[in-house]
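Where a number appears in this text, it was derived from the coordinates with a stated rule and is not lab data. Note that this is a predicted model, so its numbers are computed, not measured. Heads up, the Cβs are rebuilt from the backbone with ideal geometry, glycines too, and the neighbour counts pull from every protein chain shown.
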Amino acid sequence: MQLPRLEITNHFAQLGIRQKRAHLEIHQRHADVMIKQPPADVKMIKTKGKLYIDQSEAFADAGLKHPLRKSREWIQQSLQKAREAVAIDVQQGDQMMRIENGGNAFPQIARQNITPKRQDFNIGYVPSSIFKVKFHYEPSRIKVEVNPEKPIVKFKANPPEMKYHPGQTNIYVKQKESIQFRAVGLNVDRNL
């Protein structure tokens, strides 16, 4: 005998979620900076270099001498010549004094006085040496004074710009719950 049975079909409810995420926008502008650097105050003091050239000895070699120097040299030469002449006179006087010793003093003295002195000739350079010209150099001097100026800095910070977009969540019923009953097998509503 077949008994009727009851068949139950059910479906659970399903929820759906739609979500829009929140986000934050931040925009930071650069700071406004102004820098001004005034030029430094620079002072330069420069002395001129000096070159001294002493050519007096080179000119003296060429015979171009200062009159006072020339007169001093003539005086020195004159005194020297006078001393030499006195020395020769003394020597010749001594020779004549000893004539009693049988010497030939007079002919010898005459020969000495008559015979010309030998003159030497040679090439000469004017000036006779490169060291006759003297140089002295005083270099220039440079003094530098620097007074630096401080930079002028102006700074302005810009605040950040923020925008907030809130999120949104929607919950909805995706599928409704349901239950179904069904009798399977015999017909329950049967008339006898």
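Results, tabulated for the structure shown:
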| quantity | calculated |
| --- | --- |
| Selection from segment 141-159 of residues that are surrounded by 10 or more Cβ atoms within 10 Å (Cβ to Cβ) and either at positive phi or part of a loop (DSSP other than H, G, I, E, B) (or both) | R141, P148, E149, A157, N158 |
| Qualifying position, being under 30 Å from I152 (Cβ atoms) and among the acidic types (D, E), among D89, D32, D94, D120 | D32 |
| The lone exception for P38 - which of (1) touching a strand residue (DSSP E or B) at 6+ places or on another chain (Cβ under 8 Å); (2) farther than 30 Å from N147 by Cα it fails | (2) |
| Test: residue in segment 89-99 that is under 30 Å from A58 (Cα atoms), surrounded by 10 or more Cβ atoms within 10 Å (Cβ to Cβ) and free of Cβ contacts under 8 Å to residues at least 24 places away in the same chain | no |
| Pairs where the first residue, in segment 11-23, is touching a residue at least 60 places away in the same chain (Cβ under 8 Å) and the second is surrounded by 11 or more Cβ atoms within 10 Å (Cβ to Cβ), C-beta under 8 Å, 6+ apart | H11/Q175; F12/Q175; A13/Q175; Q14/Q175; A22/H165; H23/H165 |
| Where L3 falls short, out of the listed (1) within 60 Å of the chain's Cα centre (by Cα); (2) not in a strand (DSSP E or B) | (1) |
| Failed item in (1) surrounded by 10 or more Cβ atoms within 10 Å (Cβ to Cβ); (2) within 41 Å of the chain's Cα centre (by Cα); (3) under 26 Å from K154 (Cβ atoms), with I53 passing the rest | (3) |
